[in-house]
1. Report every pair of residues separated by at least 6 positions or lying on different chains whose Cβ atoms are under 7 Å apart, first residue within the stretch 53-70 and free of Cβ contacts under 8 Å to residues at least 12 places away in the same chain, second surrounded by 15 or more Cβ atoms within 10 Å (Cβ to Cβ).
2. Just one of (1) within 21 Å of the chain's Cα centre (by Cα); (2) at pLDDT below 95; (3) surrounded by 14 or more Cβ atoms within 10 Å (Cβ to Cβ) trips up residue 105, so point out which.
3. Could you list, in sequence order, the residues of the stretch 20-44 that are touching a helix residue (DSSP H, G or I) at 6+ places or on another chain (Cβ under 6 Å) and outside any helix (DSSP H, G or I)?
4. Just name the residue that is surrounded by the most Cβ atoms within 10 Å (Cβ to Cβ) out of those in the stretch 45-69 that are assigned to a helix (DSSP H, G or I) and more than 13 Å from the chain's Cα centre (by Cα).
5. Among 110, 83, which is the only one that is touching a strand residue (DSSP E or B) at 6+ places or on another chain (Cβ under 6 Å), assigned to a helix (DSSP H, G or I) and under 19 Å from residue 44 (Cα atoms)?
6. Hey, residue 148 hits all of (1) over 18 Å from the mean Cα position of the chain (by Cα); (2) under 21 Å from residue 28 (Cβ atoms) but one; which does it fall short on?
7. Looking for whichever is at pLDDT 95 or above and not in a helix (DSSP H, G or I) here; the options are 72, 146, 132. Which one fits?
8. Conditions first: (1) modelled with pLDDT of 95 or more; (2) surrounded by 15 or more Cβ atoms within 10 Å (Cβ to Cβ); (3) within 17 Å of the chain's Cα centre (by Cα). Residue 118 passes all but one, so which condition is the exception?
């Protein structure tokens, strides 16, 4: 690790930590604004959008697996699934191997909605990159990867 002590370095680290915090807060705010826009654009609460996106590459999911992936209670997922059922975006069926387990799958309409959301995400990210000098893109993406790894490392240390 890069732990350098000394009063000058501690002051610099404090300033940089404050700057990092402010930048991450501003980025988070932009992401929250996009989430609000997405919910309006697709006519779905953001929680339902997140749930739909879990099906990317999955044929079926269970309520339990959705709850684990979204880190929420199974009772909350039941309400989300009920909303998606009413909108015709998912189907719910019994698992042929265990009638206690309910399998959730996307309907054709749900598959189309996920594709539409994915296309929107791709376009948003293309538009972001178009606002960055082409020569700087690789460096920015690489540095974001370093930042992500550092954040994951701290998260695992915190528990």
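The values are calculated or read from the model by the stated rules, or taken from the named source; none is laboratory data. The shown structure was predicted, so the numbers you read here are calculated from the model rather than taken from an experiment. Because the Cβ atoms are built from the backbone with ideal geometry, glycine has one as well, and the counts that use them run over all protein chains shown.
1. 67/77
2. With (1) within 21 Å of the chain's Cα centre (by Cα); (2) at pLDDT below 95; (3) surrounded by 14 or more Cβ atoms within 10 Å (Cβ to Cβ) applied to residue 105, the lone miss is (2).
3. none
4. Residues of the stretch 45-69 that are assigned to a helix (DSSP H, G or I), as a first pass: 46-53, 63-69.
When the remaining residues are screened for being more than 13 Å from the chain's Cα centre (by Cα), the result is 63-68.
On the way: 63: 19, 64: 12, 65: 14, 66: 22, 67: 18, 68: 13.
Ranking the qualifying residues of the stretch 45-69, first place goes to 66.
5. 110
6. So residue 148 meets the others, but not (1).
7. Numbers: 72 fails: at pLDDT 95 or above; 146 fails: not in a helix (DSSP H, G or I).
Every option except 132 fails the conditions.
8. Status for residue 118: all satisfied but (2).
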